[in-house]
Amino acid sequence: MTRRALLGFFALFILAACGPKGSYTHVGPEELYQAVERGAVIVDVRTPQEFAGGHVPGAINLPVEAIAQWGDTLPKDKPVYLYCRSGNRSRQAAEYLKRKGYTNLYNLEGGVLAIERAGFPLVR
């Protein structure tokens, strides 16, 4: 192997090592509710007041504003689904958890607004 090829390989290795640690996938309401039926971990990252106004059955309320306190408490060996009102805060939470090494993450695109449009029930 030439020195130039070795240096190129080393540079690619360093770039790969510095990249993101985890990953997440965007899902829609139907996939979220299928996950509810399978007993997946469902996290509502909205405020407690928003949560009380209507949430996904079985969801736990962990506000994104306190993610530094709860970000390491979720299981890494189970699917974790995140949602909020519109998908913005849950995407921020997914980005944070991705940096913490979570790889089995799912973000609900469109949030509760998408759930309501699709006609799925919320617990009130």
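The values are calculated or read from the model by the stated rules, or taken from the named source; none is laboratory data. Being a predicted model, the structure only gives us computed values, none of them experimental. We place every Cβ from the backbone using ideal geometry, glycine too, and count neighbours over all the protein chains shown. When the accessible area is computed, the model is the full protein with side chains, heavy atoms only, and any ligands, DNA or RNA have been set aside. Shrake-Rupley method; radii C 1.70, N 1.55, O 1.52, S 1.80 Å.
So which residues in segment 98-115 are in contact with a helix residue (DSSP H, G or I) (Cβ under 9 Å, 6 or more places away or on another chain) and either open to solvent by 30 Å² or more (accessible area, probe 1.4 Å) or of a type in the set (A, V, I, L, M, F, W, C) (or both), if there are any at all?
Result: Leu105, Tyr106, Leu108, Glu109, Val112, Ala114, Ile115.
It is to be established whether one or more residues within segment 86-97 are among the aromatic types (Phe, Trp, Tyr) and under 15 Å from the mean Cα position of the chain (by Cα). Let's see the steps before the verdict.
First pass over segment 86-97, keeping only residues among the aromatic types (Phe, Trp, Tyr): 96.
Subsequent filtering for residues that are under 15 Å from the mean Cα position of the chain (by Cα) retains 96.
Within segment 86-97, one or more residues are among the aromatic types (Phe, Trp, Tyr) and under 15 Å from the mean Cα position of the chain (by Cα).
Of the residues Gln69, Gln34, Gln92, only one is loosely packed, with under 11 Cβ neighbours inside 10 Å, modelled with pLDDT of 95 or more and of a type in the set (S, T, N, Q); which?
Gln69
Hey, any hits in segment 48-66 for a residue that's under 10 Å from the mean Cα position of the chain (by Cα), more than 16 Å from Pro121 (Cα to Cα) and of a type outside the set (A, V, I, L, M)?
No, segment 48-66 has no match at all.
Have a look at Gly58, Gly53, Gly39 and point out the one that is out of contact with any His (no Cβ under 7 Å at 6 or more places or on another chain), modelled with pLDDT of 95 or more, open to solvent by 40 Å² or more (accessible area, probe 1.4 Å) and on the phi > 0 side of the Ramachandran plot. If you could, list the steps in order and put the result at the bottom.
Details: Gly53 fails: on the phi > 0 side of the Ramachandran plot; Gly39 fails: modelled with pLDDT of 95 or more.
When all the criteria are applied, what remains is Gly58.
Working carefully through the options Thr103, Thr73, Thr47, find the one that is among the β-branched types (Val, Ile, Thr) and under 15 Å from Ser23 (Cα atoms).
Thr103
Among the residues of segment 86-110, which ones are closer than 22 Å to Gln34 by Cα and acidic (Asp, Glu)?
Glu109
What about Arg85, is it touching a Lys or Arg at 6+ places or on another chain (Cβ under 8 Å) and open to solvent by 60 Å² or more (accessible area, probe 1.4 Å)?
The answer is yes for Arg85.
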